[in-house]
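Trainee: Structure in structure tokens, see below.
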Amino acid sequence: MAAEEMNTLPLRDIHLPPEISWWPPAPGWWLIVSLLLLLLGLSLLWRRYRNRRRLRREALKALREIERRFHQNSDKQQLLSAISTLLRRLAISHEPGSNRAGVIGEAWLRYLDHAADDRPFSRGAGEVLATGPYQAKCVYDAKKVLRVVRKAIRKWPLPKRGVR
């Protein structure tokens, strides 16, 4: 009887489930893609942050080299000339196309004061940069001038967007 009943049962063939679709992806894949996009965005922001501050880093590195050379040869005129050149290069790099580096005298000192509240160039130790690099002999305190220049470079405004 068991064999007869099996023949009468309405059984169908085995049906395989549909193939697994590649879309939509599983939640784990969404998480991985989201994390990758987040990491990409953070790395782009970090790169932009570093590039905008690159000008300051390079100027401070150049100032350290100028200071190292000064400690080797103690030539105050060469120090003033190198600092003046560095600051003018910094002005050109900060505002390409402007004539800031061509400014001289009091106007140059006022421009250098733009990053400092206490006006160390037009009223302080940095005053020597107006005429000192062009004189044969100039008496000044090199340590104070180096300190003023280092502070000014650290506070130098960041370049505007798109300027590299």
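The values are calculated or read from the model by the stated rules, or taken from the named source; none is laboratory data. Predicted model, so just to flag it, every value in this text is computed and none were measured. Cβ coordinates were reconstructed from backbone atoms using ideal geometry, including for glycine residues, and neighbour counts include every protein chain displayed.
Trainee: Just to check your reading of the model, which residue among Ser84, Ser21, Ser98 is over 30 Å from His114 (Cβ atoms) and among the polar types (S, T, N, Q)?
Mentor: Numbers: Ser84 fails: over 30 Å from His114 (Cβ atoms); Ser98 fails: over 30 Å from His114 (Cβ atoms).
Answer to the check: Ser21.
Trainee: Shifting gears a bit: With Arg88, Arg68 as the choices, which residue is under 27 Å from the mean Cα position of the chain (by Cα), at pLDDT 95 or above and not aliphatic (A, V, I, L, M)?
Mentor: Details: Arg88 fails: at pLDDT 95 or above.
Arg68 is the lone residue from the list that is under 27 Å from the mean Cα position of the chain (by Cα), at pLDDT 95 or above and not aliphatic (A, V, I, L, M).
Trainee: OK, next. If Ser98 satisfies all but one of (1) under 18 Å from Leu129 (Cβ atoms); (2) modelled with pLDDT under 90, what's the number of the condition it fails?
Mentor: (1)
Trainee: Let me ask something else. Determine which member of the set Leu45, Leu16, Leu31, Leu35 is within 30 Å of Pro157 (Cα to Cα) and either out of contact with any Cys (no Cβ under 8 Å at 6 or more places or on another chain) or in a loop (DSSP other than H, G, I, E, B) (or both).
Mentor: Leu45
Trainee: Scan region 51-63 residue by residue and report those that are over 12 Å from the mean Cα position of the chain (by Cα) and surrounded by fewer than 12 Cβ atoms within 10 Å (Cβ to Cβ).
Mentor: Lys61
Trainee: Regarding region 7-18, can at least one residue be identified that is among the aliphatic types (A, V, I, L, M), touching an Asp or Glu at 6+ places or on another chain (Cβ under 8 Å) and either surrounded by fewer than 10 Cβ atoms within 10 Å (Cβ to Cβ) or at pLDDT 85 or above (or both)?
Mentor: Looking only at region 7-18, we keep the residues that are among the aliphatic types (A, V, I, L, M), and these are 9, 11, 14, 16.
Checking the rest, the ones that are also touching an Asp or Glu at 6+ places or on another chain (Cβ under 8 Å) come to none.
No: region 7-18 contains no residue that is among the aliphatic types (A, V, I, L, M), touching an Asp or Glu at 6+ places or on another chain (Cβ under 8 Å) and either surrounded by fewer than 10 Cβ atoms within 10 Å (Cβ to Cβ) or at pLDDT 85 or above (or both).
Trainee: Condition test on Ala82, is it surrounded by 17 or more Cβ atoms within 10 Å (Cβ to Cβ) and either touching a Gly at 6+ places or on another chain (Cβ under 7 Å) or at pLDDT below 90 (or both)?
Mentor: Values: surrounded by 17 or more Cβ atoms within 10 Å (Cβ to Cβ): yes; either touching a Gly at 6+ places or on another chain (Cβ under 7 Å) or at pLDDT below 90 (or both): no.
No; evaluated as a whole, the condition is false for this residue.
Trainee: If you don't mind, there's one more thing I want to ask. For region 64-86, check the following and say yes or no: at least one residue is farther than 21 Å from Arg147 by Cα and assigned to a helix (DSSP H, G or I). Steps first, answer last, please.
Mentor: Within region 64-86, the first condition is being farther than 21 Å from Arg147 by Cα, and the residues that meet it are none.
No, that holds for no residue.
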